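Chemist: Can you read through this structure? Questions will come right after.
The values are calculated or read from the model by the stated rules, or taken from the named source; none is laboratory data. This is a predicted model, so every value here is computed, not measured. With ideal geometry, Cβ positions are generated from the backbone for all residues, glycine too; neighbour counts draw on all protein chains shown. Accessible surface areas use protein heavy atoms only, side chains included; no ligands, DNA or RNA. Shrake-Rupley method; radii C 1.70, N 1.55, O 1.52, S 1.80 Å.
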Amino acid sequence: MAVAVVVLFILHFSDSNKESNSTEIAEEAASLIGKEFTIAFINSDSLVDNLEFLKDQQKNLEVKSEQMNQTFRSRVERLQREIETFQRDAQTMTMAKARSTEEELMKKQQNLQMYEQSLTQELMREQEKVTNELYTLLTDYLKDYGQKNEIQMVFKYDRSSDLLFAKDSMDITKVVVNDLNQKYASDKIEETETEVKE
């Protein structure tokens, strides 16, 4: 059963663009038959709550989101004032001027809706970028950690995962968080020193 899980895991996460890939997968799966292998897991909720990288990125996203919201609100308020002015002055306008102003206001409202959508999309792209950075950071670290500690597979544990039980000795969350936080702090210091030199 464990070999089948490993084979499925390898098939799922391997690069399907290589022609020799299926042969390599079959050979790797065959080499695991009858051998013991080590499995570990990380608690993704604890990881998310304790990674300094994510805390900083979340703060950055919140600041950016607030700036976007302020810009959007000011545009909404400006448009609202223009609409109120139009409603107040509409009776004194010629029919052509009233129609022209109304069309202009409708166009501004449509532009404002498109602007809101673009802000939402930009924020989603930023969140996706952070998610991708986290994935790369974590998988690169786990590959290295797995090689050093002879771990063949690391599962993610959270309430929605298929992992329902594992011994505490298989939980590497604290080690992963500690190592990644140390690396992140070190990278931030190097980045700051580089900026100071420039």
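Chemist: Quick check: from the Cα gyration tensor, does region 55-198 come out rounded (a/c under 1.5), prolate or oblate?
Modeler: Here region 55-198 falls in the prolate category.
Chemist: Give me the percent of accessible area attributable to carbon and sulfur for region 85-186, probe 1.4 angstrom.
Modeler: 51
Chemist: Take M68, M95, M170 and sort them by solvent-accessible surface of the protein heavy atoms, 1.4 Å probe, largest at the top.
Modeler: Descending order: M95, M170, M68.
Chemist: Now for a different question. Test of the criteria: in region 115-198, which trypsin sites (Lys or Arg not before Pro) are in a DSSP loop and have at most 16 other Cβ atoms within 10 angstrom of their Cβ?
Modeler: Those satisfying the criteria are R159, K167.
Chemist: What does the charge add up to near D140, with Lys and Arg as +1, Asp and Glu as -1, over the other residues with Cβ less than 15 Å from its Cβ?
Modeler: Value of the local net charge: -1.
Chemist: Mind ordering 38-45, 106-113 by average Cβ neighbours within 10 Å, highest first?
Modeler: With the highest mean Cβ count within 10 Å placed first, the list reads 38-45, 106-113.
Chemist: Which net charge results when you count Lys and Arg as +1 and Asp and Glu as -1 among the other residues whose beta-carbon is under 11 Å from that of Q109?
Modeler: Residues near Q109 contribute -2 overall.
Chemist: Could I ask something else about it? Write out the chymotrypsin sites (Phe, Trp or Tyr not before Pro) in region 89-198 meeting two conditions: DSSP loop, and at most 14 other Cβ atoms within 10 Å of their Cβ.
Modeler: Filter output for region 89-198: F165.
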